[in-house]
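Student: Sharing a structure below in structure tokens format, with a few things to ask.
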Amino acid sequence: MDIKDLQRENIKTLRPYSTARDEFKGQASVFLDANENSFGSPLPANYNRYPDPLQLDLKEAISKIKGVPIENTFLGNGSDEAIDLLFRAFCNPGKDNVIILPPTYGMYEVSANINDVEVRKVNLLPNFQLDLEKIAETIDANTKIIFICSPNNPTGNSLNRTDIETILANFKGLVVIDEAYINFAKQKTFIQELTEYVNLVVLQTFSKAWGLAALRLGMAFSSRPVIDILNKVKPPYNINQATQDLALAALENIQQVNEWIKITVAERERLSAELAKIPMVKKVYPSDANFILAEIANAVDVYNKLVDHGVIVRDRSKVTLCEGCLRITIGTASENDQLIDLLRAMN
Ligand SMILES: *Cc1c(COP(=O)(O)O)cnc(C)c1O
């Protein structure tokens with residue numbers, strides 16, 4: 001498979017924007033090439049210079065933790081930017097299609113719709129695993145991307161590794177594995193498989209375990225040709241300087257993040273066990289993520305009563321295969337206790 005042939009024709013021939021920093025990369029003392037404000041910023045810190053378009057310092061630090069070379073790493077303004085760029089680089093509007101596997105993360109479909117790309121849906125099986133047979137039947141010559149979310153949002157489970165490998169080995173387009181919740185999972189990341197499959201794209205994010213949702217920073221790891229295409233299409237300065245600086249500082253504090261992951265996983269198991277004891281909770285699905293999907297009698301009423309007490313969960317009761325379910329993010333121990341107390345009092 002040649003990745004270069006997967007991209008849109010207009011992207012293949014695109015001449016990307018060349019920034020001032022692309023055109024002069026050396027050391028100098030006077031920069032009069034980018035129409036910046038040479039005096040500084042009206043802030044304690046200076047943000048008057050455009051940031052590094054390729055975020056090399058930040059990628060170096062990420063590479064040390066993830067073990068993925070810089071040239072196989074793309075950073076986006078959230079993973080959502082990487083998702084959108086994959087559509088814009090690889091999918092011809094009105095012609096190509098992608099496959100999504102509901103119930104799953106909503107942005108794949110929204111991004112497809114924005115880009116006028118057909119979405120083909122193959123529901124997960126009742127056990128929330130992949131329906132390989134239907135997926136194979138749904139693929140055609142214009143299928144460019146299959147989006148696999150593992151651990152899956154909103155169901156919380158990891159998808160069987162061998163099933164994902166079957167798709168990776170047989171599908172002639174991009175396989176995007178969204179690992180937004182991988183830090184909470186028993187399953188291993190697919191990052192190790194990057195050298196095996198040129199068509200594999202692994203998405204991870206700083207928005208969940210890393211506690212940096214407000215900074216908007218997502219990672220896409222893939223083969224060199226895919227990363228080169230994403231870099232060609234992205235807005236030149238897609239990661240702002242404040243985000244680059246703060247993410248670098250956060251990476252120094254990985255122990256704190258690892259400790260929170262341990263606590264979150266322990267709280268997830270405790271909350272699951274407590275929920276299962278409450279009579280109106282009909283089913284608690286096992287979770288590999290930082291949330292739990294639970295089927296609850298009169299889910300919408302329960303949702304509204306929780307809102308009345310200032311506790312907000314996610315109503316997923318109308319979602320395919322999640323009928324009657326609420327999605328509950330794991331909070332601090334005291335937040336989880338408040339939720340349990342409220343639910344117990346409703347019985
Ligand atoms: C939260 C989430 C993301 C994160 O998106 P960002 O744009 O990086 O904040 C990505 N994928 C899934 C499945 C998610 O649930």
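The values are calculated or read from the model by the stated rules, or taken from the named source; none is laboratory data. In this text the structure is predicted, and so the values were computed from the model without any measurement. Counting neighbours? That spans all protein chains shown, and the Cβs are built from the backbone with ideal geometry, glycine included. Heads up: the accessible areas ignore ligands, DNA and RNA and are worked out on the full protein's heavy atoms, side chains in. Shrake-Rupley method; radii C 1.70, N 1.55, O 1.52, S 1.80 Å.
Student: Go through segment 131-147 and give me each residue that's more than 16 Å from the ligand (Cβ to nearest atom), crowded, with 20+ Cβ neighbours inside 10 Å and not hydroxyl-bearing (Ser, Thr, Tyr).
Tutor: Listed by number, the residues that qualify are Ile135, Lys144.
Student: Ok, one more. Of the residues Asn183, Asn153, which single one is crowded, with 17+ Cβ neighbours inside 10 Å and closer than 24 Å to Asn253 by Cα?
Tutor: Checking each option against the conditions leaves just Asn183.
Student: Now a separate question. Filter segment 110-120 down to the residues that are crowded, with 17+ Cβ neighbours inside 10 Å and within 16 Å of the ligand (Cβ to nearest atom), then identify the one that is nearest to the chain's Cα centre (by Cα).
Tutor: Ser111
Student: Determine whether segment 98-106 contains at least one residue that is surrounded by fewer than 21 Cβ atoms within 10 Å (Cβ to Cβ), under 25 Å from Gly218 (Cα atoms) and more than 14 Å from the ligand (Cβ to nearest atom).
Tutor: No; the residues of segment 98-106 include none that is surrounded by fewer than 21 Cβ atoms within 10 Å (Cβ to Cβ), under 25 Å from Gly218 (Cα atoms) and more than 14 Å from the ligand (Cβ to nearest atom).
Student: Across segment 240-268, what is the total count of residues that are of a type in the set (D, E, K, R), within 24 Å of Gly156 (Cβ to Cβ) and open to solvent by less than 80 Å² (accessible area, probe 1.4 Å)?
Tutor: Total meeting the criteria: 2.
Student: A further question follows. Kindly provide the set of residues from segment 38-97 that are more than 30 Å from Glu196 (Cβ to Cβ) and surrounded by 19 or more Cβ atoms within 10 Å (Cβ to Cβ), ordered by number.
Tutor: Pro51
Student: Assigned to a loop (DSSP other than H, G, I, E, B) and under 23 Å from the mean Cα position of the chain (by Cα): does that describe Leu54? Break it down into steps so the answer makes sense when it comes.
Tutor: Numbers: assigned to a loop (DSSP other than H, G, I, E, B): yes; under 23 Å from the mean Cα position of the chain (by Cα): yes.
Yes: the conditions hold for Leu54.
Student: For segment 60-78, indicate whether the set of residues that are within 23 Å of the chain's Cα centre (by Cα) and aromatic (Phe, Trp, Tyr) is non-empty. Walk me through how you get there before you give the answer.
Tutor: Going through segment 60-78, the residues within 23 Å of the chain's Cα centre (by Cα) turn out to be 60-78.
Those still in the list that are aromatic (Phe, Trp, Tyr) too: 74.
Yes, segment 60-78 contains at least one residue that is within 23 Å of the chain's Cα centre (by Cα) and aromatic (Phe, Trp, Tyr).
Student: Within segment 148-158, does at least one residue satisfy the condition of being of a type in the set (A, V, I, L, M, F, W, C) and within 16 Å of the ligand (Cβ to nearest atom)? Even if it seems obvious, please write down each step before you answer.
Tutor: In the first step, residues of segment 148-158 are kept if they are of a type in the set (A, V, I, L, M, F, W, C); the result is 148-149.
Narrowing further to those that are within 16 Å of the ligand (Cβ to nearest atom): 148-149.
There is at least one residue in segment 148-158 that is of a type in the set (A, V, I, L, M, F, W, C) and within 16 Å of the ligand (Cβ to nearest atom).
Student: Check Asp228 against each of (1) in a helix (DSSP H, G or I); (2) open to solvent by 40 Å² or more (accessible area, probe 1.4 Å); (3) within 16 Å of the ligand (Cβ to nearest atom) and name the one condition it does not meet.
Tutor: (3)
Student: Which residues, taken from segment 323-347, are part of a strand (DSSP E or B) and either touching a residue at least 40 places away in the same chain (Cβ under 8 Å) or within 17 Å of Lys277 (Cα to Cα) (or both)?
Tutor: Hits for segment 323-347 are Cys325, Leu326, Arg327, Ile328.
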